[in-house]
1. Please report, in cubic angstrom per residue, the volume enclosed by the convex hull of the alpha-carbon atoms of the range 41-97.
2. Using alpha carbons only, how many degrees (0 to 90, rounded to 10) separate the axis of helix 81-90 from the longest principal axis of the chain?
3. Which angle from 0 to 90°, rounded to the nearest 10, does the C-alpha axis of helix 13-24 make with the longest principal axis of the chain?
4. Project the alpha carbons of the range 5-57 onto their principal axes and report the range along each, largest first, in whole Å.
5. Per residue, how big is the convex hull around the C-alpha atoms of the chain? Give it to me in cubic angstrom, could you?
6. When only Cα pairs under 8 Å and 6 or more residues apart are kept, what is the percent relative contact order across the range 5-57?
């Protein structure tokens, strides 16, 4: 079995796709004509977004993320965490944590996207 995609529930898919394109350099894979669903190309697994409105219409009860109590994060691996952090903040991300060297050899920083999701910017974990 393969992980095909991860879907985050947001208010405005078009706005969210534009943010991720500007902040992290991702490419748009798909945007439905309704604007209620879109995907970004992140390699083998797509990062997808759906409006909370659409999910509510389908009988689900999606909620927005809670900033001080995250239950999910997205991690983007980069060789230059400080440069990636600067680009993300310039595109509208909110700084959560400056770059920090972890004991296991990884450098990490955190931002929050405009929808409130926690995004980790990190170097690869040394194996």
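Throughout, read-outs are computed from the coordinates displayed, never taken from laboratory work. Here the structure is a predicted model, which is why all the values come from computation and not from measurement.
1. Values: hull volume 7.6 nm³, N = 57.
Measuring per residue, one finds 133 Å³ for the Cα hull of the range 41-97.
2. 40
3. Value to nearest ten degrees: 10.
4. 30, 20, 17
5. Details: hull volume 15.9 nm³, N = 127.
Convex hull of Cα atoms, per residue: 125 Å³.
6. On the way: 89 pairs, mean separation 22.8, N = 53.
Relative contact order here is 43 percent.
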